[in-house]
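Only one structure is covered here, and it is reproduced in the block below.
The values are calculated or read from the model by the stated rules, or taken from the named source; none is laboratory data. This one's a predicted model, so the numbers in the text were calculated from it and none came from an experiment. Heavy atoms of the whole protein, side chains included, go into the accessibility calculation; ligands, DNA and RNA do not. Shrake-Rupley method; radii C 1.70, N 1.55, O 1.52, S 1.80 Å.
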Amino acid sequence: MGMITPPCCAIFSLAGVVFLGIMGLVLDSSPIYVKGVPDPEASRDTCYKGAGLYGATFLISVALLIKEKVKRKDSLDDDYAGFGDDGKAGLISNRTGAYGYGS
């Protein structure tokens, strides 16, 4: 899975939750403003179910984003595993002397 997939899914899922939630509220409060709907109650329920599915997709996308962030942090920690407690990259104190430079 590419790194672009979870953020893209999260954005579109959030838009779906908002849009279908608003449509469900409109169908609930004043269905006269939505033309061509023969059964406003059934359509309202369908909108809420769709918003719930988009919400589940949004939560899965956010979980994948968090997982990827933790995975990236762990790989960075592994990259710097050779560093000592003092922040030096495993350098010996007389490194220049080992190559014949310095004292």
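Here is how the numbers come out for the structure above:
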item: Volume of the Cα convex hull of the range 3-43, divided per residue and given in Å³; result: 71
item: For K73, solvent-accessible area (1.4 Å; no DNA, RNA or ligand), Å²; result: 120
item: Average accessible surface area per residue within the range 6-51, 1.4 Å rolling probe, Å²; result: 66
